[in-house]
Amino acid sequence: MIRSAIFFFCLMFCSAITLANGQVSKSEKAALVDLYNSTNGEGWNTTWNLDAPVDTWKGVEVKDGHVIGLTLFMNNLKGVLPESIGELKHLNSLNLAFNQITGVLPRDIVKLEKLKVFRLEMNRIKGEIPTKVGNFKELEVFSMFNNFLSGPIPESFGELKNLKELNLSSNNLKGAIPKSIGQLSKLEALGLFENMLEGQIPAEIGNLGQLKELVLSNNRLGGEIPEEFGQLASLEILQLQNNQFKSFNVLRAMDTRQFLVFDTDDKTLNPKFNGLQFERTRMADTKFEDDNENE
């Protein structure tokens, strides 16, 4: 009994020292070191001292001995994301936007099931979005605009019931807009600008009562605009220009006074722009050009 008590005390004491030193499990630290090595950590704008406590590393947030936040926005990351990033299972925020990350998304990235924020915009990531993206049950933001993503938009996005922002603009995505997106009752912004999407806009989009921004410009969408658009009472930004719609009659029945930005191919509908908001929604225009990625 005494030995057990002593062992328990020592275990708790060692754990307390570990937490006090800002350390994390070996697997989580190894995953961070892998990221450092695979994205040229020595060349980052602000690099890491791998001999220092993990919680002193730029952009790493540690709580209760686990990495819960990783923010390396605009830090000159060059290279691919390691498969071991899936070991950061306690991560709730991942922001690696505005870097030069290449390659495809690691298969194990879908193991980050506690993520609320996923930002990888303005990189050079190619390949398809994982079909198991629906694993991110707590996700509120998924942003990967300005990359080289290809393939379809996974139906499993419809499983992300907490999602508020989905931005996949300026990629090479093909196929139809999934009907399942109409299940995202908390969605406030949907950006699919500048892809190769085709077919009709799903009528289910009309179910998005919280939607404020809908940007579908520069695609190959066609057919009729759904009558259900009239249900989008919260909508403030609507951009549909440079598509192949047959008719804009549904839009004529909408109250355009609700819009800050309103742009279609039918200029008789009186396009309307608010400078600040307009620039924010069209930020995808500044896409990275990389001939090697397009080969």
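The values are calculated or read from the model by the stated rules, or taken from the named source; none is laboratory data. Source: prediction; values computed, not measured. Cβ: placed from backbone, ideal geometry, glycine included. Neighbour counts: every protein chain shown.
A few remarks follow.
- Residues in region 25-72 that are part of a loop (DSSP other than H, G, I, E, B) and among the aromatic types (Phe, Trp, Tyr) were compared, and the one that is farthest from Asn92 (Cα to Cα) is Trp44.
- Checking Ile177, Ile153, Ile181 one by one, the residue that is modelled with pLDDT of 95 or more and either part of a helix (DSSP H, G or I) or hydroxyl-bearing (Ser, Thr, Tyr) (or both) is Ile181 and no other.
- Top-ranked residue of region 124-168 - restricted to ones that are more than 22 Å from His90 (Cβ to Cβ) and among the hydroxyl-bearing types (Ser, Thr, Tyr), ranked as surrounded by the fewest Cβ atoms within 10 Å (Cβ to Cβ): Thr131
- Here Gly65 clears all of (1) under 23 Å from Pro106 (Cα atoms); (2) more than 23 Å from the chain's Cα centre (by Cα); (3) surrounded by 15 or more Cβ atoms within 10 Å (Cβ to Cβ); (4) not aliphatic (A, V, I, L, M) except the condition numbered (1).
- Of all residues making up region 146-166, the number that are touching a residue at least 60 places away in the same chain (Cβ under 8 Å) and in contact with a strand residue (DSSP E or B) (Cβ under 8 Å, 6 or more places away or on another chain): 1
- Test: Leu160 is in contact with a helix residue (DSSP H, G or I) (Cβ under 9 Å, 6 or more places away or on another chain) and within 20 Å of Asn242 (Cα to Cα): no
- Residue check for Glu87: farther than 24 Å from Asn171 by Cα and either of a type outside the set (A, V, I, L, M) or crowded, with 21+ Cβ neighbours inside 10 Å (or both): yes
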